[in-house]
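Below is one structure; the comments refer to it alone.
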Amino acid sequence: MIAHLNGVVARVEATYIVLDVGGVGYKVAVPVSVLTALPPVGQKTLLHIHTIVREDDIALYGFSQPGDQRVFELLIGVTGVGPKVALSVLSAMDADTLARAIANEDTKTLIRIPGLGLKTAQRLILELKEKISAMVWERKSDRMTAISQAPTEQDIFEDVVEGLVNLGYNRNDARKAADRAMKEIVDKTNMGEALRAALNILTGSGK
């Protein structure tokens, strides 16, 4: 099984690239996000690879980040979502945007993706709501740890929303309360203060 390929970009097409690794050209299907971030032809790049083996074909799918590969693998595990549609999803939106659309059950946003109909969008929401939200939360925590920086206002806002949802509140109500709380508090990087303010708003104490 190929875990990754590290080679020279030999050719770039609309939906795939050819990566030269030790004189062997590997045809790798990639999302648009990979195409736009590639170095020029003749330079090296590394792609994380998912391999699909069929009776008459071996197909390689490449991603710049391991997290994008994980999202791809979650997507193709959903009934009715093949590799082509999964690449289309990852070409249309990043993992965080996809997670928000699924968490908010936003079928209108999802069906704008080429190849994704209403029934498939509903299956994505049903089957991936918990999995992809947990994965994005984990990625976010890893990024914060890696760069060792203080949380931004947006980070606090999202954390407050997730905290309220975990307490049983409706996500839309949680987002409204978190938004209002962030406008009212002085220290907008204080998670505890922001969460308390949002809870007061939801329980009526903040009115």
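The values are calculated or read from the model by the stated rules, or taken from the named source; none is laboratory data. Since we're looking at a predicted model, the values are computed, not measured. Heads up, the Cβs are rebuilt from the backbone with ideal geometry, glycines too, and the neighbour counts pull from every protein chain shown. These area figures cover heavy atoms from the full protein model, side chains too; ligands, DNA and RNA do not enter into them. Shrake-Rupley method; radii C 1.70, N 1.55, O 1.52, S 1.80 Å.
Could you give each residue of the stretch 91-100 its phi-based ³J(HN,Hα) in whole Hz, using Karplus coefficients 6.51, -1.76, 1.60 with θ = phi - 60°, and x for Gly or Pro?
7, 7, 7, 7, 4, 5, 5, 4, 4, 5
Compute the accessible area per residue over the stretch 22-134, keeping the other protein chains in place, probe 1.4 Å, unit Å². Write out the running numbers ahead of the final one.
On the way: 5930 Å² over 113 residues.
The answer is 52 Å² per residue.
Under a point-charge model restricted to the Cβ atoms of Lys and Arg (+1) and Asp and Glu (-1), what is the dipole moment magnitude of the chain relative to its Cα centre, in debye to the nearest 20?
Values: 24 positive and 25 negative charges, 83 e Å.
Taking the Cα centre of the chain as origin, the dipole is about 400 debye.
Going out from 0 in 5 Å bins, what whole percent of all Cα-Cα distances in the chain drops into each bin?
The distribution over the chain is 1, 7, 13, 15, 14, 14, 12, 9, 6, 4, 2, 1, 0, 0, given as percents.
Run the paramagnetic zone check for residue 119: 7 angstrom along Cα to Cβ, then residues of the stretch 74-90 with backbone nitrogen under 17 Å.
78-82, 85
Considering only protein heavy atoms and a probe of 1.4 Å, how much of the accessible area of the chain is carbon and sulfur, as a whole percent? Don't jump to the answer; show the numbers that get you there.
Working: 5960 of 11500 Å².
The computed percentage sits at 52.
Let me confirm the definition first: pairs of Lys residues in the chain, 8 or more apart or on different chains, C-alpha distance under 16 Å. How many are there?
Pairs that pass both the separation and distance tests number 9.
If I stretch the segment between residue 37 and residue 111 completely, what's the gain in nm (0.36 nm per residue apart, minus their alpha carbon distance), one decimal? Could the numbers behind the result be given before it?
Details: separation 74, 0.36 × 74 = 26.64 nm, distance 2.57 nm.
Gain in length upon complete extension: 24.1 nm.
Quick check: Cα centre of the stretch 159-207 to Cα centre of the stretch 48-122, how many Å?
Rounded to whole Å, the Cα centres lie 32 Å apart.
Given labels modelled 7 Å from the Cα in the Cβ direction, how far is it in nm from residue 3 to residue 21?
Placing both labels 7 Å beyond Cα along the Cβ direction yields 1.2 nm.
Can you work out the Karplus-derived ³J(HN,Hα) for every residue in the stretch 6-18? Use 6.51 cos²θ - 1.76 cosθ + 1.60 with θ = phi - 60°, whole Hz, and x for glycine or proline.
Whole-Hz 3J(HN,Hα) from phi for the stretch 6-18: 10, x, 8, 5, 9, 7, 10, 10, 5, 10, 8, 10, 10.
Whole-Hz Karplus ³J(HN,Hα) for the stretch 69-80, in order, using 6.51 cos²θ - 1.76 cosθ + 1.60 and θ = phi - 60°, x for Gly and Pro?
The phi angles translate into 5, 5, 5, 4, 5, 5, 5, 6, x, 8, 4, x Hz.
With unit charges on the beta carbons (Lys and Arg positive, Asp and Glu negative) and the dipole taken about the Cα centre of the stretch 1-138, which residue among 6, 33, 111 sits farthest to the positive side?
Working it through, the farthest residue towards the positive pole turns out to be 111.
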